[in-house]
Amino acid sequence: MAQTKSPRAFCSEFPFNCLGLSFRMFKYLKGNAGSFLKFTSVAVGSAGVDWVVFVTLNFAGLSSLYSQMIARVSGGIFSFLTNKSWSFNNREKRGVVIQGRRFLALYAISYVLSISMFYSMAEYLEWSEYIAKLISDTLIYFFNFAMMNAYVFHIRRGASERLKSVLRKTK
């Protein structure tokens, strides 16, 4: 029979659990320091594009939600083109379709998460749209780095390529 820990025991171990998680994140970032620094540079550029579009459209009278939606797409286009060739040193033309599909899948997920967080903070919590944008963008930033490094620009083949190679071997 498995023992359950008392709340007191859990709380006493809690800081150590957090330290362990922080240490694992630090090791991951250290092992990917070059890509992370380049990704951060691209993120600054992408955020610049995103914020300029957002503020411009917002001041032009477009609703903050639509301004955020258009700004995210603008920043996303900049991000894909720059991260592919520079941050993750992937200049192969052959994999661009696979990476494009992966990026679009990640982009769709992070887009929905970003817009949902922004809308929740700005509308339901009634926070300033600029604070809501800053918080949602920051959270999505870390999520996107992990996913781009591990999935989008990773060298491995996509599922369709693996299936094709298996089918070729059976002939």
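The values are calculated or read from the model by the stated rules, or taken from the named source; none is laboratory data. Everything quoted here is computed from the prediction, not taken from an experiment. Note that we place each Cβ from the backbone using ideal geometry, even for glycine, and neighbour counts take in every protein chain shown. Note: areas computed on protein heavy atoms with side chains; ligands, DNA, RNA excluded. Shrake-Rupley method; radii C 1.70, N 1.55, O 1.52, S 1.80 Å.
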Taking segment 37-69 and keeping residues open to solvent by 40 Å² or more (accessible area, probe 1.4 Å), over 23 Å from Val96 (Cβ atoms) and in contact with a helix residue (DSSP H, G or I) (Cβ under 6 Å, 6 or more places away or on another chain) leaves Leu57
Contact list, first residue from segment 119-137 and over 16 Å from Ser63 (Cα atoms) and surrounded by fewer than 16 Cβ atoms within 10 Å (Cβ to Cβ), second anywhere and aliphatic (A, V, I, L, M) and modelled with pLDDT of 90 or more, beta-carbon distance below 7 Å, six or more apart or interchain, is Ile135/Met121
